[in-house]
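Here, each number is a calculation from the coordinates, and none is a lab measurement. Keep in mind the model is a prediction, meaning the values are calculated, not measured. Note: ideal-geometry Cβ built from the backbone for every residue, glycine included; neighbour counts use all protein chains shown.
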């Protein structure tokens, strides 16, 4: 059964290919949702996945791509459903 979460990634996560790398990881794991840059310099991920997929995905988000510096993740549950794929939003 899938659960939905919002993950806000804080640190040096914009301008370091974080969204593209995040999209590739989500596609590899079969996760649905979206990723976008926020005005405050963080990245927001809305995702639907199984518990097992989230463990792998959240561990990846704690590291990010090689040029990123992740300071912390803020994770909350979502009620939103209906994700059909994983997209990079502007």
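Below, the figures for the structure above:
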{"read-out": "Filter result for the condition that a residue is farther than 14 Å from residue 58 by Cα and buried (at least 16 other Cβ atoms within 10 Å of the Cβ), over 35, 43, 8, 16", "value": "16"}
{"read-out": "Matching residues, region 46-90, being farther than 16 Å from residue 33 by Cβ, surrounded by 16 or more Cβ atoms within 10 Å (Cβ to Cβ) and more than 13 Å from the chain's Cα centre (by Cα)", "value": "68"}
{"read-out": "Among (1) under 14 Å from residue 7 (Cα atoms); (2) in contact with a helix residue (DSSP H, G or I) (Cβ under 6 Å, 6 or more places away or on another chain) - the single one residue 37 does not satisfy", "value": "(2)"}
